[in-house]
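What follows is a short report on a single structure.
Coordinate-derived values only; no laboratory data. Values in this document were obtained by computation on a predicted structure and should not be read as measured data. Here the Cβ is made from the backbone with ideal geometry for all residues, glycine too, and neighbour counts use every protein chain on show.
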Amino acid sequence: MTAQAEPRPNDRPQFRQWLRDHSLSLAFTALLMGALAGQAITGLAGYNERARDAQLPALSMLQYLTSSQFAVDVAENWQSEYLQFLLYILLTVWLIQVGSPESKKPDERGREAGKDQQIGSYATAGSPDLARARGWRLTLYSHSLGLVMGLVFLASWSAQFVAGRSAYNSEQIQDLQAPLTWTQYLQAPDFWNRTFQNWQSEFLAVATMVVFSIYLRERGSPESKPVGAPHESTGVEG
Amino acid sequence: MLAPGTLSELQNTFGTCRHSLPQQDLPVATKVRDVDVYGKNAIVHLDRDVVFLARFEDGWRITAAGCTPRQNRPFTCTLKGQ
């Protein structure tokens, strides 16, 4: 009988510290996994209910997770989230909302000076290496957040288009109707309805947050102004 | 060969499959011109007919046959489920 290895003295506190340091991303990743699981379970149940009513074959969970029905339902939500972030990131460079912590101060409008952005000779010891670069590499890094958000938006919107056409045509055939070509689906109400219904909620969320945060507070949250901050104060965090 | 719903509809309306299916006057098709498959559903354009199918555990089965397209409306089919 071998003795169990004892954990090294510093492991547990370091791990607990790591959990605390990454608690925000871990929490939202867990919420994402939970919501996806809920969507898969309820989506499968709804699909199979309709299939049973039509005396058509039901799907297993694995079949549903790899189906175009599940893919379009996920992709249509993801593309709108990344579009929301893309537009929020870009528009807040130039557009101002006086009183909102979501906005820059009016005199900070635009791309800002190199000194304020800590690039080139203004980079500090802790700055990313690319902040000290020049030319296209600095330009690319300076816009990397918007570029990645934009690319993910385009990729997920494309996924919505491809999966959406497949899911739509599957239903068309069940209804004894002709499937749509790529061009026809690009003009189809199904594609644009899915797109716009997701976009409107994202834009509503940002507009609401921008305006609500002028007058309302959440103590301790960086998304809120300090409780005692004036309504007119702009670009301050709690 | 027929999907359960289609078989059920045929038998409920016209009697046993063996006797009623030949009486449906379905077109005799010999060549496949085009096949479109989306998930577990397919539409097959034959030289003289259009057939709709669905994939069950034991394979593809016909859900509708003897189908004729209509402008902006579902196909009208001689043989179909409920």
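Which residue, A:Ile41, A:Leu26, A:Thr66, has the largest displacement toward the positive end of the dipole of chain A when charges sit on each Cβ (Lys, Arg +1; Asp, Glu -1)? Towards the positive end, the residue furthest out is A:Leu26.
Over all distinct Cα-Cα pairs of the protein assembly as shown, the Kirkwood formula returns a hydrodynamic radius of 25.1 Å. Remark: the range B:26-43, residue by residue, has Karplus-estimated 3J(HN,Hα) of 6, x, 8, 10, 10, 10, 8, 9, 7, 10, 10, 10, 9, x, 9, 10, 9, 10 Hz, where x stands for each Gly or Pro and the curve is 6.51 cos²θ - 1.76 cosθ + 1.60 at θ = phi - 60°. Find the cysteines in chain B that fail to meet the 4.7 Å Cβ criterion with every other cysteine, and list them. When partners are defined as cysteine Cβ atoms under 4.7 Å apart, chain B leaves B:Cys17 without one.
Membrane-span-like helices in chain A (whole DSSP H runs, Cα extent of at least 27 Å along the helix axis, mean Kyte-Doolittle hydropathy of at least -0.5): A:23-53, A:68-94, A:144-174, A:189-215. Restricting things to alpha carbons, find the Rg to Rh ratio for the range B:1-50 using the Kirkwood radius for Rh. Computed over Cα atoms, the ratio is 1.04. Using C-alpha pairs under 8 Å with a sequence gap of at least 6, the mean separation divided by the residue count of chain B gives a relative contact order of 29 percent. Between A:Phe191, A:Phe212, A:Phe203, the residue with the greatest mean-square fluctuation in the GNM of chain A (Cα pairs under 10 Å linked by springs) is A:Phe212.
Among A:Ser68, A:Ser127, A:Ser224, the largest mean-square fluctuation in a Gaussian network model of chain A (Cα springs under 10 Å) belongs to A:Ser127.
Across chain A, the mean sequence separation of Cα contacts (distance under 8 Å, 6 or more residues apart), normalised by length, yields a relative contact order of 24 percent. For B:Ala64, the amide hydrogen comes within under 5 Å of the amide hydrogens of B:Phe52, counting only partners 5 or more places away or on other chains and with H modelled in the peptide plane.
Inter-chain Cβ neighbour count for B:38-48, averaged per residue, equals 5 (cutoff 10 Å, partner chain atoms only).
Neighbour counts of C-beta atoms inside 10 Å place A:Met149, A:Met33 in the sequence A:Met33, A:Met149, starting with the fewest. With a 10 Å cut-off around each Cβ of A:61-71, the average count of Cβ atoms from other chains is 1. In the protein assembly as shown, helices alone account for a calculated mean residue ellipticity at 222 nm of -16500 deg cm²/dmol, with every DSSP H run of four or more residues adding -39,500 (n - 2.57). Computed packing ranks the peptides A:81-88, A:109-116, A:166-173, A:51-58 as A:166-173, A:81-88, A:51-58, A:109-116, most packed first, by mean other Cβ atoms within 10 Å.
The amide H of B:Phe56, built 1.01 Å from its N in the peptide plane, has B:Arg61 as neighbours under 5 Å, considering only residues 5 or more places off or on other chains.
Per residue of peptide A:174-187, the mean number of Cβ atoms on other chains within 10 Å of the residue Cβ is 4. Calculate the tail of P(r) for the range A:25-66: the fraction of all Cα-Cα distances greater than 14 Å, expressed in %. Within the range A:25-66, distances greater than 14 Å cover 54 percent of Cα pairs.
Take the alpha carbon atoms of the range A:82-124, find their center, do the same for the range A:139-213, and report the distance between the two centers in whole angstrom. Going from one Cα centre to the other spans 27 Å.
For chain B, modelled as a GNM whose springs connect Cα atoms under 10 angstrom apart, the maximal fluctuation among B:Asp58, B:Asp34, B:Asp49 occurs at B:Asp58. Highest mean first, the peptides A:215-221, A:117-123 sorted by other C-beta atoms within 10 Å per residue fall in the order A:117-123, A:215-221. For the range B:28-82, trypsin sites (Lys or Arg not before Pro) are listed when DSSP marks them as loop and at most 16 other Cβ atoms sit within 10 Å of their Cβ; the list is B:Lys31, B:Arg48.
Within straight cross-link reach of B:Lys40, meaning Cα distance under 17 Å, which aspartates and glutamates are found once same-chain residues fewer than 8 apart are removed? Excluding near neighbours in sequence, the set is A:Glu49, A:Asp53, A:Glu171, A:Asp175, B:Glu57, B:Asp58.
Amide H contacts under 5 Å for A:Ser233: none, restricted to partners 5 or more places along the chain or on a different chain, H placed in the peptide plane at 1.01 Å from N. With a/c under 1.5 counting as rounded, go ahead and sort the range B:20-82 into rounded, prolate or oblate using the C-alpha gyration tensor (a ≥ b ≥ c being the square roots of the eigenvalues; past the cut-off, prolate if a/b is larger than b/c, else oblate). Because its axes are fairly even, with a/c under 1.5, the range B:20-82 counts as rounded.
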